[in-house]
Amino acid sequence: MAMHGMRGLSVFISDIRNCQNKEQERLRVDKELGNVRTRFKNEKGLSPYEKKKYVWKMLYIYMLGYDVDFGHMEAVSLISAPKYPEKQVGYIVTSCLLNENHDFLRLAINTVRNDIIGRNETFQCLALTMVGNIGGREFAESLAPDVQKLLLSSSCRPLVRKKAALCLLRLYRKNPDVVNVDGWADRMSQLLDERDLGVLTSSMSLLVALVSNNHEAYWTCLPKCVKTLERLARNQDIPQEYTYYGIPSPWLQVKTMRALQYFPTIEDPNTRRTLFEVLQRILMGTDVVKNVNKNNASHAVLFEALALVMHLDAEKEMMSQCVALLGKFIAVREPNIRYLGLENMTRMLMVTDVQDIIKRHQAQIITSLKDPDISIRRRALDLLYGMCDVTNAKDIVEELLQYLSTADFAMREELSLKAAILAEKFAPDLSWYVDVILQLIDKAGDFISDDIWFRVVQFVTNNEDLQPYAAAKVKEYLDKPAVHETMVKVSAYILGEYSHLLGRRPGCSPKEIFSIIHEKLPTVSTTTIPILLSAYAKILMHGQPPDQELQNQIWAIFNKYESCIDAEIQQRAVEYFALSQKGAALMDILAEMPKFPERQSALIKRAEDAEVDAAEQSAIKLRAQQQTSNALVVTDQLPANGAPPPVPVGALTLVKVPSMTSDEDHSSTDLALSHENGILSKVDPQPPSADLLGDLLAPLAIEGPPGATVQSEHNSVSGLEGGPDAVDGSAIVAIEEQTNTVQPIGNIAERFHALCLKDSGVLYEDPYIQIGIKAEWRAHHGRLVLFLGNKNTAPLVSVQALILPPAHLKMELSLVPDTIPPRAQVQCPLEVVNLRPSRDVAVLDFSYKFATNMVDVKLRLPAVLNKFLQPISVSAEEFFPQWRSLSGPPLKLQEVVRGVRPMPLPEMANLLNSFRLMISPGLDPNPNNLVASTTFYSESTRAMLCLN
Amino acid sequence: MPVAASAIYFLNLRGDVLINRLYRDDVGGNMVDAFRMHIMQTKELGTCPVRQIGGCSFFYMRISNVYIVIVVSSNANVACAFKFVVEAVALFKSYFGGAFDEDAIRNNFVLIYELLDEIMDFGYPQNLSPEILKLYITQEGVRSPFSSKPSDKPVPNATLQVTGAVGWRREGLVYKKNEVFLDIVESVNLLMSSKGSVLRCDVTGKILMKCFLSGMPDLKLGLNDKIGLEKESQLKSRPTKSGKTIELDDVTFHQCVNLTRFNSEKTVSFVPPDGEFELMKYRITEGVNLPFRVLPTIKELGRTRMEVNVKVKSVFGAKMFALGVVIKIPVPKQTAKTSFQVTSGRAKYNAAIDCLVWKIRKFPGQTEPTLSAEVELISTMAEKKSWTRPPIQMEFQVPMFTASGLRVRFLKVWEKSGYNTVEWVRYITKAGSYEVRC
């Protein structure tokens, strides 16, 4: 090689190798660097031989891990040397020492280009290798066309074209915008006809990169890929040097299958059939053998084939074959193979229809849960979690519970969470669910997050028939000597609420229950004590007429905690004590907790979040479609029990405040009610028509200080009852029930509220699309324009917009195009006619597809009541007669909106203005009152005057 | 007394264990692998002598080409451990005849094991005095009990000596010629700014003695230090001589010095051990006579050239001279070419330590040789980092000179038999870390 005759270099290297320790080595290197510096600085210059030798030394020192920050100039200058040995060292050292951002590289570009377009093959190879290693933007700009030409040229030897393909791949990966690949589809398919496997392999790598960016342009390559695969699988015409342990070029096989996965589907039946034949052959022909290398290669091919099979959604028969194969894998002793088997089985789960087949291997998978290797245990857990459904949930959850007590601490949290989720998702009956969770808390209390026990409480609260059972069960647990704190929390809560249901059973008198709970008090932390105190108060309340002895006991406890350092405990103690002295009033205030509103389980949500990083992206999409159906299982069960309309619920205690109406003379009423801190109470408005205002104020209420009793009073008088259409109470359409994989940007509800006040703005936005809205209103007519803007470089397809108008609105949406081109905006006008007054809101059901991602959102359209108002000004003379002529409810209403943050008058006036109510200043003698008026238009009724 | 070691290892520079001894079983036998992995093979080596890995603490020290590593897992006394190592090395040196390196260890395995057993017990240091250990750990062959000729020499009784009134000296020593050698060795630490103002300066000195005296002599040493002189003048009620007095800080004595007498009479009186020992150590921070002044001017001319001028002035007496003077002038790492002009000695560029090294073998007092050098730098890729300008370092030895000005006023030897003694006194000043910023 080029090293021949460089004595100085070999002496230096042997010196370094003979060094006893690092320190000696460093001294030797520093000495040599000093020498090299002196030589480079020599005025007389260096002979090419010397230059070459010192640059090699520099490289060697650099490879040893020392900083070499000089001499780059010399290295780059060697590139232009005419002889091979010098050129070689120049290229090698440059690609090692410099990165794409070095200025010195500019000096080399021309030389490199000359080498590439030159006729000398070895120089071409050197240059291509170096460009492929560094691959900066400037190189891409000036060299990509030449490299492309080289790749296609027929006069080049395969060796050069192979390197050209890899070089181009690197340039394309780094700067896809610089490398011009327009019209490359034909050329790529031409390249795929190549007989030489080396060139074919590197071209396939290039194809994978190209297709991953834009698969549509390259569909012509698809049949070629299949053909290549066929050629390999049938082992035709494969040179000996391209077979690895008897497998024809596994690398090319894997790459080809990877490329095929970028195409959404294969339409041509012939190609499809051929491909499936090939896959079949791979699936059949793979087995576990002794030789590790052969195993690695054949398994790489196999798993890629499995991925492809899953991607293509093959027939059931083939799927079951895959599962059977994986079943064989998970039975093998070798841990790596077992791991792969489990992992791929988990991925298989994402494909529909194979669950039943996988279930056959359940026993084997459960055995894997006891593997000494923790990564295998984790995979097995994932798989069990994934394959669980209603039929086998009981077995699996019980297995997990059993395993929990012996499991690794590192896994327990995950394990308990998964068990809890499965129990919730697939519970055959609710008492089983309660049993499971209580067992879970008992066995692994430390690993139970709050979400899990909150969920039990929710279930128990919402299911009356479950309550006595749960109460009895927790009492059993509490009877045990050592109980985990989480268990104390659950038990105290449930016993506090429902222990009276056990009243007739032996050992369940309030006194006994109290003593069971109270026993645990000294052992718990400050976060649990408040729950215990609430439980005492509830027990006291249920025991009416109070047992004097119990009462005294409990009061003593409250007294004791009245001076507790913890504010929460102290406050509870004081308040419960005061409340419990009120006797019968206690009944009302401490009544049973209302039912919880149905909402998506926090656990399931958490699990979904966790899965995003666990599984692969493509798998999630498939999963998401399944998930919705699973999640419905839970929600379905409960409405049967008659879920009440949603009521905002405070944290733990809730006191119902009766709605109050004050006199017309605006004297602020002092409410004699004791307000609990932390309660957000909202007055239930009696007439439905007034609720709109409440709805609109709702976003403000969020910001209000809790329990603030400042009232903004409106004498809301409406002529709106003209349409006595008695709308359903719950007019709000559930919007966010869908678990879309695409997360909207910004809060949809907030955007809606903003648009109720404005006429133009953004209605919805997610990473792919933005929907803007612009509206004009005149009397009972409205004209809205929807702006659908595609934010992406790829088109959005199957766009659909459907209006679900409520009864009172007539809406006509012009045609929405099926596709939205990249970065384009489409306008869709929408005509609205108001027929009757109503609080209902129109809903836009909007869906589109991006890549394989189906997005479906339901959006409320801001065509609300106030849009059909038109402000008019009234004089005092007109106002008061009108005002007086309205006689009481339902024509004259007064409403107190509570829980709203205090608002200065000008702001209030602005708000009313944006509701299209005209403020008439000076009308009312009291400056703290606002008088506003407007007219309401609809088709069926004539214009109505609304005063406010 | 706290534990000092759970195990001790002697490693060579590659990290191979030469010899080891486990004293307690609270550390595993493979702990040294952790040391090798986490300290020797990383850049950590030499940064901090105490490191904690896992539950164990490693104290290590390099002596010539041997690493001595102490491993403890409990809360040990670090100072005690290091002192133990230092004393053990001194002990080994006295056994091996002065050298302590890898070869010496390899040649004395048996002896070292024997010594290691003796000097530490269950992690607690024991007697490390070479004089005493040599009584019963000998390098001579063991005489067979069946051998015909009984030994002439009575077997020395170590126990008696250790427990006797004078633990460090054997009775009944006889020398033909009674001699005492006294060396005062000082090393000067200095940090000076480029303007010539002293930023930090101190002298650490020690008095080494070598005694070849018969019987049980009582010695008394008089120095020109402040406390001793004041006491003397008090006693004799006559004014102090106008000579310079020295204030010694942090004085520590060998165990043979009678401290009660030092406290009451302020005299250093002692019964010396036989042979070589370190009588006392001290430190001086004020009134230091610096032997050399360095006046550097270093100019950077553009990015690739530097001009270095250094003048060194010797400020001790003209009759004295310094030996082995080495001046290391740091230059940037990218130095490519150097050219020198020196008025005495020799200079060259050493790339391994990035310094211009100027050596002067014999440096007379009251002279000022100069060096002027031109340095050419190579241009580099790295963004111009301003050069940090490390300080100039100096090494030297000046015989018959003390930087502190300490002098021996008298050394009296008193013995029952009243023999005559010959006393020899030497002074030497060395460079500690003698640095001048430039």
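The values are calculated or read from the model by the stated rules, or taken from the named source; none is laboratory data. In this text, all values refer to a predicted model and were calculated from it rather than measured experimentally. Please note: Cβ atoms are built from the backbone with ideal geometry, for glycine as well, and neighbour counts cover all protein chains shown. Note: areas computed on protein heavy atoms with side chains; ligands, DNA, RNA excluded. Shrake-Rupley method; radii C 1.70, N 1.55, O 1.52, S 1.80 Å.
Is it the case, given these coordinates, that B:Leu406 is open to solvent by less than 20 Å² (accessible area, probe 1.4 Å) and within 30 Å of B:Thr285 (Cα to Cα)?
Criteria met by B:Leu406.
Residues to consider are B:Ile105, B:Ile53; find the one that is surrounded by fewer than 16 Cβ atoms within 10 Å (Cβ to Cβ) and either under 20 Å from the mean Cα position of the chain (by Cα) or assigned by TED's automatic domain parsing to the domain that holds B:Gly29 (or both).
Of B:Ile105, B:Ile53, the one residue that is surrounded by fewer than 16 Cβ atoms within 10 Å (Cβ to Cβ) and either under 20 Å from the mean Cα position of the chain (by Cα) or assigned by TED's automatic domain parsing to the domain that holds B:Gly29 (or both) is B:Ile53.
For segment B:343-366, how many residues meet the condition of being more than 10 Å from every other protein chain (Cβ to nearest Cβ) and open to solvent by 50 Å² or more (accessible area, probe 1.4 Å)?
To start, the set of residues in segment B:343-366 that are more than 10 Å from every other protein chain (Cβ to nearest Cβ) comprises B:343-348, B:355-366.
Imposing the further condition that a residue be open to solvent by 50 Å² or more (accessible area, probe 1.4 Å) reduces the set to B:343, B:346, B:348, B:359, B:361-362, B:364, B:366.
Total meeting the criteria: 8.
Being surrounded by fewer than 22 Cβ atoms within 10 Å (Cβ to Cβ), more than 12 Å from chain B (Cβ to nearest Cβ) and hydrophobic (A, V, I, L, M, F, W, C) is the filter here, so list the residues in segment A:62-110 that pass it.
Correct list: A:Met63, A:Leu64, A:Ala81, A:Ile92, A:Cys96, A:Leu107, A:Ile109.
Which numbered condition in (1) within 20 Å of A:Val89 (Cα to Cα); (2) within 13 Å of chain B (Cβ to nearest Cβ); (3) small (Gly, Ala, Ser) is the only one that A:Gly34 fails?
Looking at each condition in turn, A:Gly34 falls short on (1).
From the list A:Asp442, A:Asp429, which one is without any contact (Cβ under 8 Å) to a residue 12 or more places away in the chain, closer than 22 Å to A:Ala472 by Cα and surrounded by fewer than 22 Cβ atoms within 10 Å (Cβ to Cβ)?
A:Asp429
Give me a count of the residues in segment B:254-266 that are assigned to a loop (DSSP other than H, G, I, E, B) and either modelled with pLDDT of 90 or more or buried (at least 16 other Cβ atoms within 10 Å of the Cβ) (or both). Even if it seems obvious, please write down each step before you answer.
Pass one, segment B:254-266, residues assigned to a loop (DSSP other than H, G, I, E, B): B:254-256, B:258, B:266.
Now restrict to residues that are either modelled with pLDDT of 90 or more or buried (at least 16 other Cβ atoms within 10 Å of the Cβ) (or both): B:254, B:256, B:258, B:266.
Residues flagged as assigned to a loop (DSSP other than H, G, I, E, B) and either modelled with pLDDT of 90 or more or buried (at least 16 other Cβ atoms within 10 Å of the Cβ) (or both) within segment B:254-266 amount to 4.
The conditions are (1) outside any strand (DSSP E or B); (2) under 23 Å from A:Ala754 (Cα atoms); (3) not β-branched (Val, Ile, Thr), and A:Asp818 fails exactly one of them. Which is it?
Here A:Asp818 meets the rest and fails (2).
Among (1) in contact (Cβ under 8 Å) with a residue 60 or more places away in the chain; (2) away from chain A (no Cβ under 14 Å), there is one condition B:Asp249 misses while meeting the rest; what is its number?
Of everything listed in (1) in contact (Cβ under 8 Å) with a residue 60 or more places away in the chain; (2) away from chain A (no Cβ under 14 Å), B:Asp249 misses just condition (1).
Run down B:Glu307, B:Glu374, B:Glu278, B:Glu300 and say which single residue is farther than 21 Å from B:Glu395 by Cβ, within 14 Å of chain A (Cβ to nearest Cβ) and out of contact with any helix residue (DSSP H, G or I) (no Cβ under 9 Å at 6 or more places or on another chain).
Working: B:Glu307 fails: within 14 Å of chain A (Cβ to nearest Cβ); B:Glu278 fails: within 14 Å of chain A (Cβ to nearest Cβ); B:Glu300 fails: within 14 Å of chain A (Cβ to nearest Cβ).
Answer to the selection: B:Glu374.
Can you confirm whether A:Ser847 is polar (S, T, N, Q) and over 30 Å from A:His780 (Cα atoms)? I'd like the intermediate steps shown before the answer.
Values: polar (S, T, N, Q): yes; over 30 Å from A:His780 (Cα atoms): no.
Spelling it out, it is not the case that A:Ser847 is polar (S, T, N, Q) and over 30 Å from A:His780 (Cα atoms).
Would you say A:Glu315 is open to solvent by 60 Å² or more (accessible area, probe 1.4 Å), in contact with a Leu (Cβ under 9 Å, 6 or more places away or on another chain) and either on the phi < 0 side of the Ramachandran plot or touching a residue at least 12 places away in the same chain (Cβ under 8 Å) (or both)?
Values: open to solvent by 60 Å² or more (accessible area, probe 1.4 Å): yes; in contact with a Leu (Cβ under 9 Å, 6 or more places away or on another chain): no; either on the phi < 0 side of the Ramachandran plot or touching a residue at least 12 places away in the same chain (Cβ under 8 Å) (or both): yes.
So A:Glu315 does not fit the description; no.
Any residue that is within 12 Å of another protein chain (Cβ to nearest Cβ), of a type in the set (Lys, Arg), closer than 23 Å to B:Glu44 by Cα and open to solvent by 70 Å² or more (accessible area, probe 1.4 Å) - is there at least one of those in segment A:11-22? Give the steps one after another, and end with the answer.
Step one: of segment A:11-22, the residues within 12 Å of another protein chain (Cβ to nearest Cβ) are A:19-22.
Those still in the list that are of a type in the set (Lys, Arg) too: A:22.
From what is left, the residues that are closer than 23 Å to B:Glu44 by Cα are A:22.
After this cut, where a residue has to be open to solvent by 70 Å² or more (accessible area, probe 1.4 Å) as well, the list is A:22.
Yes - at least one qualifying residue is present in segment A:11-22.
Of all residues in segment A:42-52, which are away from chain B (no Cβ under 11 Å) and either more than 21 Å from A:Ile79 (Cα to Cα) or open to solvent by 30 Å² or more (accessible area, probe 1.4 Å) (or both)?
Applying the first criterion (away from chain B (no Cβ under 11 Å)) to segment A:42-52 yields A:44-52.
Hits for segment A:42-52 are A:Lys44, A:Gly45, A:Leu46, A:Ser47, A:Pro48, A:Tyr49, A:Glu50, A:Lys51.
Confirm whether A:Cys508 is part of a loop (DSSP other than H, G, I, E, B), crowded, with 16+ Cβ neighbours inside 10 Å and modelled with pLDDT of 80 or more. It would help to see each step written out before you state the result.
Details: part of a loop (DSSP other than H, G, I, E, B): yes; crowded, with 16+ Cβ neighbours inside 10 Å: yes; modelled with pLDDT of 80 or more: no.
So A:Cys508 fails the test.
Among the residues of segment A:389-426, which ones are surrounded by fewer than 18 Cβ atoms within 10 Å (Cβ to Cβ) and not in a helix (DSSP H, G or I)?
A:Asp389, A:Val390, A:Thr391, A:Asn392, A:Ser405, A:Thr406, A:Asp408
Tell me yes or no: at least one residue of segment A:448-467 is assigned by the TED database to the domain that holds A:Ile557, within 26 Å of A:Ser416 (Cα to Cα) and crowded, with 17+ Cβ neighbours inside 10 Å. Can you show your working first?
Taking segment A:448-467 as the starting set, the residues that turn out to be assigned by the TED database to the domain that holds A:Ile557 are none.
No; the residues of segment A:448-467 include none that is assigned by the TED database to the domain that holds A:Ile557, within 26 Å of A:Ser416 (Cα to Cα) and crowded, with 17+ Cβ neighbours inside 10 Å.
Please identify the pairs in which a residue from segment B:336-361 that is within 24 Å of B:Gln397 (Cα to Cα) has its Cβ atom under 9 Å from the Cβ atom of a residue that is of a type in the set (Lys, Arg) and part of a loop (DSSP other than H, G, I, E, B), counting only partners at least 6 apart or on another chain.
Sorted first by the residue in segment B:336-361, then by its partner, the pairs are B:Asp354/B:Lys333.
From the list B:Gly228, B:Gly222, B:Gly287, pick out the single residue that is among the small types (Gly, Ala, Ser) and either exposed (fewer than 15 other Cβ atoms within 10 Å of the Cβ) or at pLDDT 90 or above (or both).
Numbers: B:Gly228 fails: either exposed (fewer than 15 other Cβ atoms within 10 Å of the Cβ) or at pLDDT 90 or above (or both); B:Gly222 fails: either exposed (fewer than 15 other Cβ atoms within 10 Å of the Cβ) or at pLDDT 90 or above (or both).
Going through B:Gly228, B:Gly222, B:Gly287 in turn, just one is among the small types (Gly, Ala, Ser) and either exposed (fewer than 15 other Cβ atoms within 10 Å of the Cβ) or at pLDDT 90 or above (or both): B:Gly287.
What number goes with the only condition from (1) touching an Asp or Glu at 6+ places or on another chain (Cβ under 9 Å); (2) open to solvent by less than 50 Å² (accessible area, probe 1.4 Å); (3) more than 8 Å from chain B (Cβ to nearest Cβ); (4) not aromatic (Phe, Trp, Tyr) that A:Arg39 does not pass?
(2)
Would you check which residues across segment A:368-388 are surrounded by 17 or more Cβ atoms within 10 Å (Cβ to Cβ) and not in a helix (DSSP H, G or I) and list them? Talk me through it step by step, then tell me what you get.
As a first pass, look at segment A:368-388 and keep what is surrounded by 17 or more Cβ atoms within 10 Å (Cβ to Cβ): A:368-369, A:371, A:376-388.
Those that are surrounded by 17 or more Cβ atoms within 10 Å (Cβ to Cβ) and not in a helix (DSSP H, G or I): A:Leu369, A:Asp371, A:Cys388.
I'd like to check something: does segment B:318-335 contain any residue that is within 14 Å of chain A (Cβ to nearest Cβ), more than 23 Å from B:Gly205 (Cα to Cα) and open to solvent by 50 Å² or more (accessible area, probe 1.4 Å)? Reasoning before the result, please.
Quick first cut of segment B:318-335, residues within 14 Å of chain A (Cβ to nearest Cβ) only: B:330-335.
Then drop every residue that is not more than 23 Å from B:Gly205 (Cα to Cα), which leaves B:330-335.
Imposing the further condition that a residue be open to solvent by 50 Å² or more (accessible area, probe 1.4 Å) reduces the set to B:333.
Yes; the residues of segment B:318-335 include at least one that is within 14 Å of chain A (Cβ to nearest Cβ), more than 23 Å from B:Gly205 (Cα to Cα) and open to solvent by 50 Å² or more (accessible area, probe 1.4 Å).
Can you tell me which residue is farthest from A:Val833 (Cα to Cα) among those in segment A:759-784 that are more than 31 Å from the chain's Cα centre (by Cα) and touching a residue at least 24 places away in the same chain (Cβ under 8 Å)?
A:Ala775
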